[in-house]
């Protein structure tokens, strides 16, 4: 198995410029029975990325081929386009 993070893998495979996210595929990946902690780890990683700015605009562009002008734009994308559809009505907060 790759050391690539789930967040980066999902950005690269489901959010490339011109692709719409396949929510069924994302949920199937996150809830795969052979990897019972994947969703929790992904949620931790996504919250960390939003709160601590761990996905920089340059990396975001490399993963998605979408240019974001600022860290604020990347963080907003992660919150609105990933967090809110996957975890509606849950605030972005650190997960321990």
Check residue 34 against each of (1) more than 14 Å from the chain's Cα centre (by Cα); (2) touching a residue at least 60 places away in the same chain (Cβ under 8 Å) and name the one condition it does not meet. (2)
State whether the residues of region 32-42 include one that is exposed (fewer than 13 other Cβ atoms within 10 Å of the Cβ) and in a helix (DSSP H, G or I). yes
Check region 65-75 and report whether any residue there is touching a helix residue (DSSP H, G or I) at 6+ places or on another chain (Cβ under 6 Å), at pLDDT below 95 and assigned to a loop (DSSP other than H, G, I, E, B). yes
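The values are calculated or read from the model by the stated rules, or taken from the named source; none is laboratory data. Because the structure is a prediction, the values reported are computed rather than measured. So basically every Cβ, Gly included, is an ideal-geometry build from the backbone, and we count neighbours across all protein chains shown.
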